[in-house]
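This report concerns only the one structure given below.
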Amino acid sequence: MAQLNHKRNSLPEIAAQADIAMQLERATNQHVAAGVILSDLQRDQARSDADVEVVRQRIIKDQELLDSGSINDPKQLTNLQHELESLARRRTELEDVELEIMERVEGAESAVTVLAEQMTSLSFELASVTESLSQLTSTLDADITEVQADRDRISAQLPSDLMALYEKIRAGHDGVGAAKLHRAQCEGCRMTLPPQELQSIRQAPADLVVQCEECRRILVRTSDSGL
């Protein structure tokens, strides 16, 4: 059960799911921020377009007035020509600003598109790994349930004081309350038992609970214990 629980809690899909979810959250936040930037730039572009249009209409109006021949005063004509020159310079400046904003809008639109594609891709990845994780955990949960039933059946046949001792030892020894005595070595702590301890165990009744002097785990005696 300990092995199954460890396997269930350390499935690589768990880490993958968390990593993809974090990437998706980051991409989502970046997409929202990019969208706000794009919206601000689009407003700036609309204002810039409007400024350019105002100047363009003013140039058209003044040019039509100049071309009409209705102004005979030389001073007025000179002032009108100067105004047209000034408006032309102003239009050039505004169009440069407009072009810069358009380029920034294009960059922001590209960023929004790329981030949206990342979100879609990550969403598919997250759904896939979540489905795989669900299938794996369901299988392991079924195995754990089966092993738990076997454990309950076996523990019910054991003396309550032995089970209490076993659980107490297991709680303080990484979940392992008993270990095989294999060729004079405790497989719990990997210590080789001294001859006098082996002799004591050899002489002990088969139903007597013996423990490792080093780690205090219950020793399970078999034909390979070296007794």
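The values are calculated or read from the model by the stated rules, or taken from the named source; none is laboratory data. Quick caveat: nothing in here was measured; it's all calculated off a predicted structure. Backbone-built Cβ (ideal geometry, glycine too); neighbour counts: all protein chains shown.
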Residue list for the stretch 55-69, restricted to those being loosely packed, with under 12 Cβ neighbours inside 10 Å and in a helix (DSSP H, G or I) = 57, 60, 61, 64, 67, 68
Every pair of residues 6+ apart whose Cβ atoms lie under 9 Å, when the first sits in the stretch 9-34 and is farther than 16 Å from residue 133 by Cβ while the second is of a type in the set (Val, Ile, Thr) and modelled with pLDDT of 95 or more | 31/112; 34/112; 34/114
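Give the residue, chosen from 72, 29, 9, 5, that is closer than 26 Å to residue 119 by Cβ and exposed (fewer than 15 other Cβ atoms within 10 Å of the Cβ).
29
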Residue selected from the stretch 144-163 under the condition loosely packed, with under 11 Cβ neighbours inside 10 Å and small (Gly, Ala, Ser), by the criterion modelled with the highest pLDDT | 149
All conditions in (1) part of a helix (DSSP H, G or I); (2) without any contact (Cβ under 8 Å) to a residue 12 or more places away in the chain are true of residue 151 except (2)
Which numbered condition trips up residue 180, out of (1) in contact (Cβ under 8 Å) with a residue 40 or more places away in the chain; (2) of a type outside the set (Ser, Thr, Tyr); (3) exposed (fewer than 11 other Cβ atoms within 10 Å of the Cβ)?
-> (3)
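Suppose we keep only residues that are aliphatic (A, V, I, L, M) and surrounded by fewer than 16 Cβ atoms within 10 Å (Cβ to Cβ) within the stretch 103-118. Which one would you say is nearest to residue 18 (Cα to Cα)? Step through it out loud before you land on a result.
Filtering the stretch 103-118 for residues aliphatic (A, V, I, L, M) gives 105, 108, 111-112, 114-116.
Those left that are additionally surrounded by fewer than 16 Cβ atoms within 10 Å (Cβ to Cβ): 114, 116.
Details: 114: 22, 116: 20 Å.
Once the filter is applied, the top-ranked residue is 116.
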Which of the residues belonging to the stretch 163-187 are hydrophobic (A, V, I, L, M, F, W, C) and in contact with a strand residue (DSSP E or B) (Cβ under 9 Å, 6 or more places away or on another chain)?
-> 165, 169, 178, 179, 181, 184, 186
Would you check if there is a residue in the stretch 56-77 being touching a residue at least 60 places away in the same chain (Cβ under 8 Å), of a type in the set (A, V, I, L, M) and within 26 Å of residue 96 (Cα to Cα)?
-> no
Residue hits (the stretch 86-107; within 14 Å of residue 51 (Cα to Cα) and basic (Lys, Arg)) are 89, 90, 91
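Anything in the stretch 78-113 that is among the small types (Gly, Ala, Ser) and either free of Cβ contacts under 8 Å to residues at least 12 places away in the same chain or touching a Pro at 6+ places or on another chain (Cβ under 9 Å) (or both)? List them, or say none. Write out each step before concluding.
Going through the stretch 78-113, the residues among the small types (Gly, Ala, Ser) turn out to be 86, 88, 107-108, 110-111.
Residues satisfying the conditions are 86, 107, 110.
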Test result for residue 132, part of a helix (DSSP H, G or I), at pLDDT 95 or above and closer than 30 Å to residue 13 by Cα = yes
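Could we say that residue 119 is touching a residue at least 40 places away in the same chain (Cβ under 8 Å) and closer than 15 Å to residue 31 by Cβ here?
Working: touching a residue at least 40 places away in the same chain (Cβ under 8 Å): yes; closer than 15 Å to residue 31 by Cβ: yes.
The answer is yes for residue 119.
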